[in-house]
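**Q** First the structure, which I've put down as structure tokens, then a few questions once you've had a look.
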Amino acid sequence: MQEQLMEAIAPYRDRVDYLEVRLEQSESTAISFRGPQLDAVNRSFSLAGGIRACHKGGWSFVTFNGLAELKDRIEEAVVQSRLVGSEKTLLADVTPIQDYVAVELGRDPRSITLAEKRKLLESYNQLLLDYDPRIQTTMAGYSDRFGITYFVNSQGTCIAQERLDVTGRFGAIARGEGGVVRQGFESIHSRSDYDVLTNIEDRVKSAAVRAVGQLEAKSVKGGQYPVILDPYLSGVFIHEAFGHLSEADGIYENPKMQELLTLGKPVAIEQLNVIDDATVPGLPGTLKYDDEGVPAQCKHLIKNGVLTTRMHNRETAGKMGESPTGNARALSATFMPLVRMTNTAIESGEHSFDEMVADIDEGVYAVRMLGGQTNGEMFTFAAAQGFMIRDGKLAEPVSDVTLSGNVFQTLKDIESIGNDSVYAYGGCGKGGQSGLPVSVGGPHLRIKNVVVGGR
């Protein structure tokens, strides 16, 4: 396949500054339950791709559905780029690569019948429904997807990469007295093995446990508190509030962001280290090469409190005079690669959870994330669960916990970093491409003077 794609672009090498083709062959299954009802069953096969051409700084992107139309679509992409280009093409240099990246399979989901997958998911959904009479409805979803992406470009790179994703998502909604509604969610993911979803009754049930457990929680009293974020929420915080700011496509044409995010600038306490690491085995954001054929990397976005690196594709790196970082990613071959995160995390510190709680007279322990939004350097997150901290111990559960602030002030208000760490599955959205597999991670994090809002 790679040779066929290289032959297809060969006649056009001299007509544009840069040309690439990505072709993806995939097969997938999705099953979902909503409440007691089977909601959907989908089985699909796809062969489709995208072509990018760049000439004098002008980009064109064209998709295709099958090899029969490949030649015409390449011609179309080339002509369009020549129409829009009027400046200079600046792409960071990358050594051409030839490689085939295979998945190391455990139990292959393609060997499991659709009936068996449905039966497994139905049993987990029933487990949620039966947990407590206050469970009003449930959501249970299963998906697997195996794909091979072929990538070739006019500079000699020729890569094929296999990828498998197996995912289970589980949710429960509970209703209590007075119409109070609470939610609980759990997700499980593997890059290699269907069996990650077998014998997980306790993890599935935890979604219902969290939903019911919050029914008796009273709304937190608004104010400023010392707050401890659990590892799931600290990972989401660093991804949403800081990680997106570090994507260079939002920086290189924005003078304000360039000033805020000057490399070498102290932006956090000295003990804070933040990484984006695409090389950790088995995580959702792990890859060997990004969607421009750039090798994956582990890089410190913040090192000892200092801003050290930002995430790039080849164009932003070229325009800013920096090195590409392997962060050009697309939801599939029919989408343009954008600057995206991979596995983004706060590195572990030195403090145990008990040490972090011990000297707090009154504070809040915020657990997992229910929702949130960011606007530049400002953020607001809603925790899925909350507990008051009183006299150095966890106390009563509280609800409606929202956390707000300025990310750069918050990074300087960190008081201690936990010695534990968790990576959690996530689906990132950007530029109309939602659900890109990433993971977010970190330890427990203690922050002072956090604005906490209740109902």
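The values are calculated or read from the model by the stated rules, or taken from the named source; none is laboratory data. What you see is a predicted model; the values in this text were computed from it and never measured. Note: ideal-geometry Cβ built from the backbone for every residue, glycine included; neighbour counts use all protein chains shown. For the accessible areas, the whole protein counts, side chains as well, though only heavy atoms, and no ligand, DNA or RNA atoms are used. Shrake-Rupley method; radii C 1.70, N 1.55, O 1.52, S 1.80 Å.
**Q** In the neighborhood of L229, defined by Cβ-to-Cβ distances under 14 Å, what is the net charge if each Lys or Arg adds +1 and each Asp or Glu adds -1?
**A** Working: positive: R368, R446, K448; negative: D230, E240, D413, E415, D420.
Spelling it out: positives minus negatives among the neighbours equals -2.
**Q** Express in Å², to the nearest 10, the accessible area of R169 obtained by rolling a 1.4 Å probe over the protein heavy atoms while all chains stay in place.
**A** 110 Å²
**Q** Considering only A268, L215, G243, whose Cα is most displaced toward the positive end of the charge dipole of region 215-276, charges sitting on Cβ of Lys, Arg (+1) and Asp, Glu (-1)?
**A** The listed residue farthest towards the positive side: L215.
**Q** Taking the mean number of other Cβ atoms within 10 Å as a proxy for protection, how do you rank 322-329, 413-420, 31-38 from highest to lowest? All intermediate terms of the calculation are to be shown ahead of the outcome.
**A** Working: 322-329: 24.5, 413-420: 19.2, 31-38: 15.8.
The packing order, highest mean first, is 322-329, 413-420, 31-38.
**Q** Next question, about the same structure. Considering only the other residues whose Cβ falls under 13 Å of the Cβ of G392, what net charge follows from Lys and Arg at +1 and Asp and Glu at -1? Mind showing how you got there, number by number?
**A** Numbers: positive: R390, K393, R446; negative: D354, E355, D359, D361, E362, D391.
Value of the local net charge: -3.
**Q** Would you mind pulling out the separation of the Cα centroids of region 180-214 and region 399-455, in Å?
**A** 20 Å
**Q** Dipole magnitude of the chain about its Cα centre, charges +1 at Lys/Arg Cβ and -1 at Asp/Glu Cβ only, in debye to the nearest 20?
**A** Values: 46 positive and 59 negative charges, 175 e Å.
Taking the Cα centre of the chain as origin, the dipole is about 840 debye.
**Q** Also, quick follow-up: In whole Å, how far is the Cα centre of region 57-85 from that of region 145-163?
**A** Centre-to-centre (Cα) distance: 18 Å.
**Q** Also, quick follow-up: Per 0.36 nm of contour for each residue apart, how much would the distance between T113 and Q155 grow if the chain were fully extended, relative to their Cα-Cα spacing?
**A** Numbers: separation 42, 0.36 × 42 = 15.12 nm, distance 4.27 nm.
Full extension from T113 to Q155 adds 10.8 nm.
**Q** Same structure, new question: Give the relative contact order (percent, whole number) for the chain; include only Cα pairs under 8 Å separated by 6+ residues. Before the final figure, lay out the partial values.
**A** Values: 1201 pairs, mean separation 69.7, N = 455.
Worked out over the chain, it gives 15 percent.
**Q** Sorted by average packing, counted as other Cβ atoms within 10 angstrom per residue and highest first, what order do 350-356, 443-449 take? Walk me through the numbers before you get to the answer.
**A** Details: 350-356: 15.7, 443-449: 22.4.
Order by mean packing, descending: 443-449, 350-356.
**Q** While we're on this one: Might you tell me the accessible area per residue for the chain, computed with a 1.4 Å probe and given in Å²?
**A** On the way: 19590 Å² over 455 residues.
Per residue, the chain has 43 Å² of solvent-accessible surface.
**Q** Please work out the C-alpha center-to-center distance from region 1-31 to region 261-289 and express it in whole Å.
**A** Value for the Cα centre distance between the two parts: 30 Å.
**Q** What percentage of the solvent-accessible surface of the chain, computed with a 1.4 Å probe over protein heavy atoms, is contributed by carbon and sulfur atoms?
**A** Working: 9290 of 19590 Å².
Percent of accessible area from carbon and sulfur atoms in the chain: 47.
**Q** Would you mind working out the magnitude of the charge dipole of region 78-174 relative to its Cα centre, with +1 at each Lys and Arg C-beta and -1 at each Asp and Glu C-beta, to the nearest 20 Debye? Don't skip to the end; give the middle numbers.
**A** On the way: 11 positive and 12 negative charges, 55 e Å.
That gives a dipole near 260 debye.
**Q** Using +1 at the C-beta of Lys and Arg and -1 at the C-beta of Asp and Glu, which of A53, F33, V21 has the Cα lying farthest in the positive direction of the dipole of region 20-72?
**A** Of the candidates, A53 comes out farthest on the positive side.
**Q** Next up: May I ask you to derive the FRET efficiency for K88 and R13 from their Cβ-Cβ distance with R0 = 22 Å, giving the value to the nearest 0.05?
**A** Numbers: r = 18 Å, r/R0 = 0.84.
Calculated transfer efficiency: 0.75.
**Q** For every helix of n ≥ 4 consecutive DSSP H residues, a contribution of -39,500 (n - 2.57) applies; sum these over the chain, divide by its total residues, and give [θ] at 222 nm rounded to the nearest 500 deg cm²/dmol.
**A** Values: 9 runs with 85 residues, N = 455.
Result for the chain: -5500 deg cm²/dmol, rounded to the nearest 500.
**Q** Stretched out fully, how many nm does the piece from Q373 to T334 gain, at 0.36 nm a residue minus the Cα gap? Walk me through the numbers on the way to the answer.
**A** Numbers: separation 39, 0.36 × 39 = 14.04 nm, distance 2.74 nm.
Here the answer is 11.3 nm.
**Q** Between (1) 40, 30, 17; (2) 91, 61, 50; (3) 48, 25, 18, which matches semi-axes √(5λ) of the Cα gyration tensor in Å calculated for the structure shown?
**A** Computed from the coordinates, semi-axes √(5λ) of the Cα gyration tensor in Å corresponds to (1).
**Q** Based on alpha-carbon positions alone, could you give the equivalent ellipsoid semi-axes of region 1-66 from the gyration tensor, as √(5λ), descending, whole Å?
**A** On the way: eigenvalues 288, 42, 8 Å².
They are 38, 15, 6 Å, listed largest first.
**Q** Shifting gears a bit: Order 158-164, 95-101 from most to least packed using the mean count of other Cβ atoms within 10 Å. Could you put the intermediate results ahead of the total?
**A** On the way: 158-164: 18.7, 95-101: 12.9.
Averaged packing, sorted descending, gives the order 158-164, 95-101.
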